[in-house]
Amino acid sequence: MKTTRCRWLGTLAMGLTLALLGAPAQAAISCSIGSPGFFSEYDGLAATNNLNQSSYTITCTRLASDPATLNYITFTDDGQYNNGPNNRAKHTASNNYLKYDFFTTSAYATNWSKSTKCIVGTLNFGTSLSASQTTSYFSRVLAGQTGIPQGTYSDTVRVNMAYNRTSCQNGVAPDASGVVAVTISNVPACQIATPPGNIAFTYTAFTPTQATANTSFQARCSTTLPYTLSINGSQSGGVYPGVASGLNYALSLGTTTIWSPILPTSSLSGNGALQTYFINGRIAAGQAGTCAGGVCTASDPRTLTVTY
């Protein structure tokens, strides 16, 4: 009996050792989550909801023996001050709150919240042992929140990630997490909510026709708050000249892609909602430029300013 019992214990110990040796391969993938958070100017007198977009980035590492793809879901903890159907940001100097919520898409149809309302993703490592993926999320601050003090409202939301998931499920335990900082200000102010892209010209030397290009951006200013838009550098009649690769170009600000300059002294008025503008550019025909080869590129960084 004693001999049999010792052999049985030895066999059990060997089985445990084999199981432990296999465990690291199951947990070799390690991920972290980072986000710039989101900031928004808020105006309670605006007739429309305050809409915003931000992103989070997942960065993961793996062993060579791990799969080259990782299916995952991300979900949030609804922040520090959630109350009923809404997240809330707290006034820094009083017990007052602004309601807001996160959403999975720009349709603002599904809250990004508990693990049953998640964002599903797949991270591809390829042949690398590390990979990153950036995903957008969307936030909405409800219109008509008046009667609260001016100031800064903030919240901290934890974003959770669960590995090896292909659909949203209830009660999922996270494998990694990160933090999203929420800041909302209802002090009368302006912001460039959606920044402009590049003005990308394609120009052939001595071309008989002018080249044109444009990009859009969105500004948000408090209701009735006057503001102006401008681009750095000299301007004349709302036209901002510049030179790139020996080519003289001009920029203007307008409400459409039609060349119709807005003077910097023109007073615009905020309405609490996003207002879309365009930076229009053109290069006059017949210029030689200073390109040393058959094809070249050049850039001339400019700064867009909103003054209020």
Fraction of accessible area attributable to carbon and sulfur, the chain (%, probe 1.4 Å): 54
19 Å Cα-Cα reach of Lys114 towards aspartates and glutamates, excluding residues that sit fewer than 8 places from it in its own chain: Asp77, Asp78, Asp101, Asp155, Asp175
Calculated on alpha-carbon atoms, Rg and Dmax of segment 62-124 in Å: 16.4, 53
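Based on the alpha-carbon gyration tensor of segment 173-301 and its eigenvalue square roots a ≥ b ≥ c, which shape applies: rounded if a/c is under 1.5, prolate if not and a/b is larger than b/c, or oblate?
Values: a/c = 3.14, a/b = 1.54, b/c = 2.05.
It comes out oblate by the Cα gyration axes.
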Interchain or long-range residues, amide H under 5 Å from Ala273's placed H: Cys221
Environment charge at Leu129 (Cβ cut-off 9 Å; Lys +1, Arg +1, Asp -1, Glu -1): 0
Local electrostatic count, Ile29, Cβ distance below 10 Å [Lys/Arg +1, Asp/Glu -1]: -1
Which of Thr276, Ile258, Ile184, positive extreme of dipole for the chain (C-beta unit charges): Ile184
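Which net charge results when you count Lys and Arg as +1 and Asp and Glu as -1 among the other residues whose beta-carbon is under 9 Å from that of Cys168?
Here the charged neighbours net out to +3.
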For segment 139-222: rounded, prolate or oblate by the Cα gyration tensor [a/c cutoff 1.5]: oblate
Heavy-atom accessible area per residue - segment 63-172, 1.4 Å, Å²: 48
Using distinct alpha-carbon pairs, which all enter the 1/r mean, Kirkwood radius of the chain in Å: 23.7
C-alpha center-to-center spacing [segment 65-89, segment 114-157] in angstrom: 8
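Averaged per residue, what accessible area in Å² does segment 178-291 show with a 1.4 Å probe, protein chains only? Can you show the working numbers first?
Numbers: 5250 Å² over 114 residues.
Value returned for segment 178-291: 46 Å² of accessible area per residue.
The values are calculated or read from the model by the stated rules, or taken from the named source; none is laboratory data. Owing to the predicted nature of the structure, the values given are computational and were not obtained by experimental measurement. Backbone-built Cβ (ideal geometry, glycine too); neighbour counts: all protein chains shown. Ligands, DNA and RNA are stripped out before the accessible areas are found, and what is left, the full protein with its side chains, is counted by its heavy atoms. Shrake-Rupley method; radii C 1.70, N 1.55, O 1.52, S 1.80 Å.
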